[in-house]
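Shown next, in structure tokens, is the structure this report addresses.
Just so it is clear, none of the values below were taken in a lab; they were calculated from the coordinates. Remember, it's a predicted structure, so these values are computed and weren't measured experimentally. In this analysis, Cβ positions are derived from the backbone assuming ideal geometry, glycine residues included, and neighbour counts consider all displayed protein chains.
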Amino acid sequence: MTPATIRDLLAARRQPTLSLEFYPPKDPLGFGILGGSIERMRPVRPDFVTCTYGAGGSSREFSFAAWELLARMGFTPVVAHLTCVGASRADLVAQIDRIHAAGIRNVMALRGDPPRGETEFTPAPDGLAHAVDLVALIKARHPEICCGVAGYPETHPEAPDLATDLRHLKEKLDAGADYVNTQLFFDNAAYFRFLDAARAAGIRAPILPGLMPVASPAQLDRALAFSRATAPAALRAALQTPDPAAARAAGIAWLVAQIDGLIAHGAPGIHLYILNQAKTVLDPRLAECLARWRKTSS
Ligand SMILES: Cc1cc2nc3c(=O)[nH]c(=O)nc-3n(C[C@H](O)[C@H](O)[C@H](O)COP(=O)(O)OP(=O)(O)OC[C@H]3O[C@@H](n4cnc5c(N)ncnc54)[C@H](O)[C@@H]3O)c2cc1C
């Protein structure tokens, strides 16, 4: 039986987990396309899936609909992302209860980014200022919900330094969070440094590395802009070709090398920011890489 929570899944795992991150469509018509992508990804058999909430100004109602679609299509467990943006404590309680009532037992507890055009995060009146407060609220309301929290191998852009950021990460775990999912990174060295520093700071929870496939310099720039991660010059150079197929192949080759390196060094799983793209996860070179450490038939 599939464990209901990511906490149980990570504790029981015999091999690293594979998780895929989706985002909700921008309009109702997009649900047909999303359903088609999910259907094509069926052979990949991810251990769990996640779906964003309010990211890039997307509709929160559509997040609920996307979580339901993923669950209906058998892509479980589903991790529902939740943010503090524009929500009072009462709004958040209502959302948490609604998630719980929908049978979802995994929440990625996030603060969220400032709305477009604003540079500083301002909590809503009677809202929550940090993800740690959301973790505490979820755990007080429904202790059985498993909470993931965000970690930043290259340090959160608002944090003065890594040590401070890790102190706040530890606070989220001390408040009851169960595991960490990292922001995307393109250089494994950043993850390994972060992991060592986190362990030295007393963080024991599993830290799932987050990776994003990129298939062009423009895609790389978009990923860097929203994540504020950095990219090695070698990746940019490899993507810099007028042949889109060659750029795509270079991006997949980079991703495969990252995955192989992370698995070889004992990562608890791989989280792929796949941007709803079936084409990427079905790429034979990626499939072969995943098959090296996954027995999807068991
Ligand atoms: C895996 C992942 C998934 C994401 N999914 C979404 C999504 O679905 N929707 C969306 O809108 N965004 C999403 N984001 C983006 C995220 O909302 C932003 O990165 C946001 O800027 C910070 O969120 P957080 O949960 O890390 O915040 P926090 O943990 O609150 O940290 C934010 C900043 O405040 C500092 N800090 C934390 N606690 C305290 C404290 N008690 N006192 C003082 N400073 C503190 C931290 O060091 C950090 O600099 C995701 C990010 C990741 C890595």
Tell me, how many Å apart are the Cα centres for region 177-226 and for region 269-290?
17 Å
Order of K139, K295, K26 under a 10 Å beta carbon neighbour criterion, fewest first:
K295, K26, K139
Under a plain spin-label model, where a point goes 7 Å from the Cα along Cα-to-Cβ, how far apart in nm are A201 and E118?
2.5 nm
Please report how far the C-alpha centroid of region 126-152 lies from that of region 25-57, rounded to the nearest whole angstrom.
24 Å
For the chain, what relative contact order do you get, as a whole percent, if you take Cα pairs closer than 8 Å and at least 6 residues apart?
20 percent
Quick one: of the DSSP bridges fully inside the chain, what percent are antiparallel, nearest 5?
5 percent
In sequence order, what are the phi-derived ³J(HN,Hα) couplings for region 59-72 according to the Karplus relation 6.51 cos²θ - 1.76 cosθ + 1.60 with θ = phi - 60°, rounded to whole Hz, with x for glycine and proline?
6, 6, 4, 5, 5, 4, 5, 5, 4, 5, 4, 4, 5, 4
For region 266-274, in residue order, the Karplus 3J(HN,Hα) values (coefficients 6.51, -1.76, 1.60; θ = phi - 60°; whole Hz; Gly and Pro = x) are x, 4, x, x, 10, 10, 9, 7, 9
Plugging the Cβ-Cβ distance of D174 and R14 into 1/(1 + (r/R0)^6) at R0 = 25 Å yields, to the nearest 0.05, a FRET efficiency of 0.30
Normalise the Debye intensity by I(0) for region 202-277, one equal point scatterer per Cα, no solvent, then take log10 at q = 0.14 Å⁻¹ and round to two decimals.
-0.49
By how many nm would the segment from A94 to A189 grow when fully extended, if each residue of separation counts as 0.36 nm and the alpha-carbon distance is taken off?
30.1 nm
Please compute the alpha carbon radius of gyration of region 6-291, then divide it by the globular-protein estimate 2.2 N^0.38 Å. Two decimals is fine.
0.96
Taking 0.36 nm per intervening residue step and subtracting the Cα-Cα distance, what contour gain separates S216 from M73 on full extension?
48.4 nm
Go ahead and estimate [θ] at 222 nm for the chain from helices alone: -39,500 (n - 2.57) per DSSP H run with n ≥ 4, summed, over the residue count, rounded to 500.
-13500 deg cm²/dmol
Which whole-Hz couplings ³J(HN,Hα) result when phi for each residue of region 92-108 is put into the Karplus expression 6.51 cos²θ - 1.76 cosθ + 1.60, θ = phi - 60°, listed in order with x for Gly and Pro?
5, 4, 4, 5, 4, 5, 5, 4, 4, 5, 7, x, 7, 10, 9, 10, 8
Non-local amide H neighbours of N106 (under 5 Å, H modeled in plane, Pro and chain starts lacking H): which ones?
A80, C146
Can you count the Lys pairs in the chain whose Cα atoms are under 28 Å apart, with each pair 8 or more apart or on different chains?
4
Hey, can you grab everything whose amide H is under 5 Å from the amide H of I274? Only 5+ residues off in sequence or another chain; H modelled, so Pro and N-termini drop out.
E21
Stretched fully, the stretch from R42 through H142 gains (0.36 nm per residue minus C-alpha distance, one decimal, in nm) 32.9 nm
Can you sort T5, T241, T50, T280 so the residue with the fewest Cβ neighbours within 10 Å comes first?
T241, T5, T280, T50
Antiparallel %, DSSP beta bridges [both residues in region 49-127], to 5
10 percent
Between G117, G30, G266, where does the largest GNM mean-square fluctuation fall for the chain, given springs only between Cα atoms within less than 10 Å?
G117
